Every structure is written in C-alpha cells, then in structure tokens.
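All remarks here apply to the structure that follows.
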Amino acid sequence: MAATASPFGLRPTNMIGGAPYNGGAIRHYHVKANNSAAIFNGDLVVLSTAGLPAAVSSSPTGIKIPSTAADATAGIVGVMVGARYIDDNGVQQFRQFLPANATTSGFTEIKVMVNDDPRQLFKIQGNNSLGTFNSGTGGSGFAGAIGKNGELDFSTSGSTSTGNSGVSLKIDANGSNLATTSTFAVRIIDVVEGTEGDNFPEFIVKFNVGVHSYDNSLGV
C-alpha cells in the first residue's frame, strides 16, 4: 500500500498469456563508451546508432494501426534489471544500477542486463490516486482503468540509494491522463488488487505496438 510516492520504474511480473516470470529473457548489452547518465533498475533502455545502451528520458510513442504517419522512433530494447562491471579496484561487481560516467570512473567490462521480451508484463506505480475516476458507475469501481492507455512519467529521478528507477505511470488527478490515445506508451492490463484506493496505486502494463524495438521495423 503506497501512501507516498515511491516509484520503482517497470518491474517484471508474469507474461502475456499468464506464463510465470522466471527471470525472463535477459540480454547483456556492452557499454563500450562513457555513459553520461546513470541507468537504473526499471528504466527503459534504448540503443544509440552506435549500438550503445542508454536510459530513456521521455515517454515512448506507440504506432497507430494502420500506420499512416511517418515511422516512429526505433523503439526500446527492454527494461534494465541490473548491471555488472569490474570496478576501479579490479573487483567484479553486480549492481542494481549502473552509475553515470562508468568508463571515466575506471570501470571495465561494463554490461547492463536488460529484460528484452516484448511479451513481458510489468508492475508500475501511478503518479497520483485514481480518486473519483470511474468511481462506481454501474458498480464498475476502478475497473475502468483496465484497457486504457497511459504515458510514462519521468519527473522523478532514479535513486542511487535503492538503485531503482523513478519512472511511474502518468495518472494525474482522478485518472485524467488515462485515455484511449493510440500513441501512448503502455496499455493497462490490471490494477494491482488492494492498491486501487491508494494515493499511488500500482498497475500491470504492457508496451503498445511500436514501443518495443522487436515490434518495430525501424532500426537504429
């Protein structure tokens, strides 16, 4: 139960179709150049044109179906779930996040671990309460949030204490940012039971079409 904002980014749960999460499809991406910003557990990860991983800093855009507009961006490759590197003392480290400026700090053999399965579902905290959103019309309660699309909120920085991302689901007052908008980044699959009336409820979400690189034909 969350009475205060404590975002943790996107946390893998089960899979679309109900298969349990058992560690998922984890791909290790080499960090061959200095990273100017930290990459936190739960951050979305995108590749540069040089194939270097970096954290996303704004809500991705889905693709309309059928697509009649220009190409979307190349898409994310997944969600960061950890980092490994040899530190400046020559010690192998496994960490919740990759600090900024890892290369200039003397780290070597740097890799970020990314859950890259496009069918993965994630738990995420909302940035506001649902409040009066769909508050009981026809007995539906907060169930009306399910099936809506949402954007991701990047207004909170990741934590170097916990290593967790600061990304949350953009709810806004009384669920005003939840919509049918096709270009929003994620689809709400469920509201986590027991959190519906919290100040900062939790949701189960999936990526919309075009957000994940594997569901997007545009390369980097």
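Numbers for the structure displayed
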item	result
Phe133 vs. criteria open to solvent by 40 Å² or more (accessible area, probe 1.4 Å) and closer than 23 Å to Val167 by Cα	no
Residue list for segment 3-34, filter: buried (at least 16 other Cβ atoms within 10 Å of the Cβ) and over 19 Å from the mean Cα position of the chain (by Cα)	Val31
Selection count, segment 138-158, where residues are assigned to a loop (DSSP other than H, G, I, E, B) and either at pLDDT below 90 or charged (D, E, K, R) (or both)	3
Within segment 192-204, tally of residues that are surrounded by fewer than 22 Cβ atoms within 10 Å (Cβ to Cβ) and in a strand (DSSP E or B)	1
Meets criteria (open to solvent by 40 Å² or more (accessible area, probe 1.4 Å) and assigned to a helix (DSSP H, G or I)) for Asn128	no
Residue match in segment 62-82 (condition: charged (D, E, K, R), at pLDDT below 95 and within 15 Å of Val186 (Cα to Cα))	yes
Only listed residue being surrounded by 13 or more Cβ atoms within 10 Å (Cβ to Cβ) and on the phi > 0 side of the Ramachandran plot, chosen from Asp153, Asp172, Asp116	Asp172
Members of segment 159-184 found to be of a type in the set (A, V, I, L, M), assigned to a loop (DSSP other than H, G, I, E, B) and farther than 15 Å from Gly144 by Cβ, listed by number	Val167
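The values are calculated or read from the model by the stated rules, or taken from the named source; none is laboratory data. Remember, predicted model here, so these are calculated numbers, not experimental data. Here Cβ is always computed from backbone atoms with ideal geometry, including for glycine, and neighbour counts include all displayed protein chains. Please note that ligands, DNA and RNA were not included when accessible areas were found on the heavy atoms of the full protein model with its side chains. Shrake-Rupley method; radii C 1.70, N 1.55, O 1.52, S 1.80 Å.
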